[in-house]
Every structure is written in C-alpha cells, then in structure tokens.
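Please read the structure below before turning to the comments.
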Amino acid sequence: MPGFIRAGFSSFKKKRRLPSSDRTSIQSQVDSLIKQLAATEARFFNIIGQTADSIIIVDKKGLVIFANPAAARLFGRPEKDFLGKPFGYPLDRGKAEEIEVSQADGQTRTGEMQVVDIIWQDQPAFLVTIRDITERKQAEKLKLEVEKHIRLDKLKDDFINTVSHELRTPLSITKEAVSLILEKVPGDINSQQTEILEIARTNIERLARIINSLLDVSKMEAGKADLKKGEIDLAAMIRMIAQAFEPKARDKGLELRVALPETGIRVYADEDKLNQIFTNLVDNAVKFTRQGYIEIAAEEKEKEFICFVRDSGIGIEPLDLPKIFDKFTQFGRKDGPGEKGTGLGLSIVKGLVELHRGRIWAESEPGRGTTVTFSLPKLSFEERLNEYVSTMIQEAAGRKGYFSVLIFSLANLEEFSQESREKTERAVAEIEDLLRNSLRRSGDSVLYDKGSFYLILPDTKKKDAPFVLERMRENVGQYIAANEFLKERTRLETRVLSYPEEAVELGKWVSD
C-alpha cells in the first residue's frame, strides 16, 4: 500500500508541472502518510500474528493467500506451505461449523470455523477464522462420561439398597423359621432333617453377611457412613477379639498371638467400626492360613497409632497385591468346599480406615503369609475436644437434644509437678482411671489436658448434671485425701457446662 501511494504521486508529478516549493510540501505529506500507513500495517499484522485464533485468507478460486502463525500451529505445518494451496474445506458463509483438522504428525484437533466475505488487496476474498476447541470438546466429552458414571453408580447404589432392604425382612423370617424347627418347637425332626436344616441356616447366615456387606459398601461410597467416636481402650478391644477367634484358630491348629505395649493404648475412634476392621482382618487371616500363626498387634507412634494383622498363610502374588482392597476380589480361593467370602471384607476395611482419616496397606509373599497394616491419626486434646463437642452440638441441635460437660481441675498443678513429675503423672493417670471407671454409660467419655479432666456426658440434662458431678467429686476427693503427695498440695475445682443452656460458650471451644 505505501508503494502504491508513492507510485501514484510520481505519476501525478509527471503530468502536472508544480512549483518546487509545492512539490516539496506535497512530498513531505506523502512521506508522512506512507509512514503512518506502514505503521498501521505493521500493527495490523502484529495483532494477527499474536491472536490465538487461526486467520486464513482464501481467494475466490479457493486458494490460500495468507495464513497467520496460529493457523500454522493448528494445522501443524509452516505458514509458507499454505500459500497457493487449496484450502480444502467448504466455505459456507454465516454460521460457525466444527471441523476436524488433521495435523502433519497424524494427530487430529477440533476447530470452530467461521467464514465471511472481505476485500483483500482490492480483490474479493474469504476471511476464515478457526478457533481451536479441542480441549473444550475433550472437557465436554469427559463431563458426559463422568455424568454417565454418576448415573450408573446411582442406579447401582439404588439397586443394592433396594434389593438389600427387600431381602433382609424375608431372610430374617426364614432364618427364624429354620431356627424354630431346629429347636424342635413345632415337633421332633430326625437327624437327616437336622443336617439339611443346619446347612440351610449356615447359608442363610452367609447370605445375611453378604447383604450387610453390600449395605456397608453402599453407605461408605455414598458418604453416608457416620462415625460415633469416643475414647477406646484399644488393647482391651484387641484382647477381646483374639479371645473370640481363639476357638476357631485352635480348631485349625493355629497359634493366635497378641503383641501390645505394657502401658496400654487409648485411641479416639468409632468403637463398633474399629471392631469391624479388626474382626474382618482376623477372620480373613484365619480363613487363608492352614498352619502356623496369626498375630494381632498395635503400637503408639509420635503422630499415629499403627495396627496390623499378620499371618503365615498362603500369601498373595505380587501382581494381585495392588487389587487386594478392590470390591468383589478374592485371591487364593478355590472351588469346592472350604472357606468362602464375599470379596467385600477388605474393601469395607479400607473404607472404614479412610473414614477415620487413616492409611492402610498390605505386604505379602506367596507361601509365606500376609501382613495388613493400618494407621489411625493421633489427635491432640484440642482436636479431640473439638470433634466431640461439634459432633454432639450437631446431633443435639438436629433432634433438640442435650448434653453436659463436667470439668474437674487440680489447682496448683504446675507448682507441685515441679516437686515430683513422676508422682504427679502417676496421680493424674490414677484419677483419670477413677473417673473413667465411675462412668455408667458406654457413650460417656473422659479427656485430660493440663490439670483438667473433661467428662463428656451425652443425653444428660443440666438439671441432672449436678448429681453426677457430686458423685464424681466425692470419689476424686477421697482419692486426693488418701494420697500423701496430693492432699496438702492441691484442691479440686469443678464446673458444669450444658447444652443448650451454655451453647455459646461450648461453641467457643469448637471455633477456637
């Protein structure tokens, strides 16, 4: 364009003789105009070069006469390879259309193309803009896939819930009927009938376990599994579980070992679900161990509790080990008689451990046995108190309920602990045990921190809390009076906070 203006001015000078001063003035204006046009042209091509959309100019013969760098990137070939070549796509003006762009390296991308009529260098042409929408189309496809899986998961969950609930009632009735016949309530039965009915009852119980497992998995996957956490004597729980499995292990000639620290372990967890975790793991170990031993162990680390169940059983192949916690997965199971399961036990265990914000993993060697280890987080006093109180506030608010917290504090603790830390720690532990043993309901709990004992009493009204307080204060007061180290050094201070009456102050514990 600047060259065209300069040529036009030269022709004009030849046709008309102008005074030297006029020619100089006009020449100066032409030069200025040429510079402005050149700058404008440079800005124009700079904008086209920087834009993310592909811009292609196609003449009326369908040949490419211009392509910007974005077009070169989209098509995967240099700009010069476009020029003078057929564009290759229908030039339908007006509406945007999706096109598939084949790149030089064989990959395919998706573009949104729009065509308009323009004048390019004084000639009619087509302006083609193509926006690369490959990532958008992939995201839309992924979204559809996710929505499809969500719908399928919901259908599966609805089916499992419906079938499980519908089966439980007739199954319970059938089991009860078989039990009544086995107990000879309707009348005598012979030995053959007894044997057949025993087989029927065994399989009914197995089907009931499958249904319960399906419901457990469904609840966890739907995020509907609730935790009712409390202070648990983990050592006592493990000993109780070992005692329950002792006869079954003995019948198979297996040694059942328990490894626990002498000081005991107290964890903050859901007692029923923690029991279910250990029961499933030990049951699995007994099933797949033909000889040798099974060991149940737990230990306290700095930031977590580590628990494991180890066996000398058949073990698991290395390729199968990553799938050990998948649903409906069993390894080492053979057709015919023998121990059978649902393939859901370890999946449930993993879900329950993760519900407690713990970790779980397995180590195994074929023919040498398997160790399944899981961790439980070790919460600070503030974290435990926060969880306790926030959970109880939510539950009480939802059902218009109530609860109370009794606080027992030892005055001057810092002073007399400097005299003898050992005696102080022993006294604190004994008072904590005394308070815990004085509790009469399974849901009641005791927490200790910096000289204060917090007794958390669900479903205890404000008007009933003083009676519990007085009984506990009498027990602790008698202990202090009988303790030579404490009786002259401290006094017992008490306080009661109840929900909903002191909801604001209890709420501060949660917010802090």
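The values are calculated or read from the model by the stated rules, or taken from the named source; none is laboratory data. Small disclaimer: the values here were computed from a predicted structure and weren't measured. Please note: Cβ atoms are built from the backbone with ideal geometry, for glycine as well, and neighbour counts cover all protein chains shown. Please note that ligands, DNA and RNA were not included when accessible areas were found on the heavy atoms of the full protein model with its side chains. Shrake-Rupley method; radii C 1.70, N 1.55, O 1.52, S 1.80 Å.
So, in the stretch 93-103, exactly how many residues are more than 16 Å from Asp132 (Cα to Cα) and either at pLDDT 85 or above or open to solvent by 80 Å² or more (accessible area, probe 1.4 Å) (or both)? First the steps, then the outcome.
We begin by selecting, within the stretch 93-103, every residue more than 16 Å from Asp132 (Cα to Cα); these are 93-95.
Okay, now just the ones that are also either at pLDDT 85 or above or open to solvent by 80 Å² or more (accessible area, probe 1.4 Å) (or both), so 93, 95.
Residues that pass the stated criteria total 2.
Look at Lys450 and say whether it is open to solvent by 40 Å² or more (accessible area, probe 1.4 Å) and in contact with a strand residue (DSSP E or B) (Cβ under 6 Å, 6 or more places away or on another chain). Step through it out loud before you land on a result.
Values: open to solvent by 40 Å² or more (accessible area, probe 1.4 Å): yes; in contact with a strand residue (DSSP E or B) (Cβ under 6 Å, 6 or more places away or on another chain): no.
No, not satisfied.
Kindly provide the set of residues from the stretch 228-247 that are of a type outside the set (Gly, Ala, Ser) and surrounded by 15 or more Cβ atoms within 10 Å (Cβ to Cβ), ordered by number. Break it down into steps so the answer makes sense when it comes.
Within the stretch 228-247, the subset of a type outside the set (Gly, Ala, Ser) is 228-229, 231-234, 237-241, 243, 245-247.
Result: Lys229, Glu231, Ile232, Asp233, Leu234, Met237, Ile238, Ile241, Phe245.
Looking at Ser218, Ser213 in this structure, which one is closer than 30 Å to Arg384 by Cβ and among the polar types (S, T, N, Q)?
On the way: Ser213 fails: closer than 30 Å to Arg384 by Cβ.
On inspection, the qualifying residue turns out to be Ser218.
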Restricting attention to the stretch 458-486, report how many residues are open to solvent by less than 80 Å² (accessible area, probe 1.4 Å), outside any helix (DSSP H, G or I) and under 28 Å from Glu414 (Cβ atoms). 3
Only one of (1) open to solvent by 10 Å² or more (accessible area, probe 1.4 Å); (2) more than 28 Å from Gly230 (Cβ to Cβ); (3) outside any helix (DSSP H, G or I) does not apply to Glu295, and that is (2)
Those residues that are under 20 Å from Leu352 (Cα atoms) and assigned to a loop (DSSP other than H, G, I, E, B), I need them from the stretch 226-283; list them, please. Asp226, Leu227, Lys228, Ile265
I'm checking my understanding of the structure. Among residues of the stretch 99-143 that are without any contact (Cβ under 8 Å) to a residue 40 or more places away in the chain, in a strand (DSSP E or B) and not hydrophobic (A, V, I, L, M, F, W, C), which one is nearest to Val58 (Cα to Cα)? Asp117
Please work out if Lys400 is without any contact (Cβ under 8 Å) to a residue 12 or more places away in the chain and either closer than 23 Å to Trp509 by Cα or touching a Cys at 6+ places or on another chain (Cβ under 7 Å) (or both). yes
Is at least one residue of the stretch 369-388 assigned to a loop (DSSP other than H, G, I, E, B), modelled with pLDDT of 90 or more and under 30 Å from Leu447 (Cβ atoms)? yes
Taking the stretch 487-502, which residues are open to solvent by 40 Å² or more (accessible area, probe 1.4 Å) and within 24 Å of Gln418 (Cβ to Cβ)? Lys487, Glu488, Arg489, Arg491, Leu492, Glu493
